[in-house]
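Notes to accompany the following structure.
Quick note: the coordinates plus some simple rules give every number you see, no bench work behind them. What you are looking at is a predicted structure, and each value in this text was computed from that prediction instead of being measured. Quick reminder, even Gly has a Cβ in these numbers, built from the backbone with ideal geometry, and neighbours come from all protein chains shown.
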Amino acid sequence: NNLSDYGKDMFNRMQDAAKRMQTLIQDLLAYSRTNTAERRFETIDLNEIIAEVKEDLKEELKEKHATIEANQLCDADIIPFQFRQLMHNLIGNSLKFSNPAQPPHIKIKCEIANGIKFNNEKLSSQKKYCHISVSDNGIGFEPQYSEKIFEVFQRLHGKNEYNGTGIGLSIVKKIVENHHGIITANGELNKGATFDIYIPA
């Protein structure tokens, strides 16, 4: 109470900086844990994973009037807690980078087929993959950033526009690699983004 307006402003700035540092440390720990964590694969119904993530993000979904469309998801051979983190990060990003003019709509699809069907040169044509796509109607991004957004600390927006540390998608990529898979991103400014994940089936 004894602080001047200038002193209060500086104090608030210090608190904000400390919160950002705490978030950064937590994200860095999550990133490092994806390297060292036990990798026990289980065959899991992806509907279960999505239901858990929806419960985790219930408040944000409600606040933004968001809908998640996830029909007929398949079973996948995954590390459950890592894949939960992956979906949490992707859905969380869709909510964070939503278009203020319309409620977020997130579509999650799943398909198992041979690599040749997916038109991706990084896949083995005769090997079976589980293809999971997560798309939204958010602010999207310029196509030239489709590789860069997976880099650690890469941010396409200033911290004043959107909070975050620039590590979330790096964690997603690392988890996909732990599943011996690949992930690609496609976006268009103000027309949403799509993330395609391919893991061996």
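Data overview
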{"item": "Test: residue in segment 110-131 that is outside any helix (DSSP H, G or I), of a type outside the set (A, V, I, L, M, F, W, C) and crowded, with 16+ Cβ neighbours inside 10 Å", "result": "yes"}
{"item": "Check on SER125, among the hydroxyl-bearing types (Ser, Thr, Tyr) and under 17 Å from the mean Cα position of the chain (by Cα)", "result": "no"}
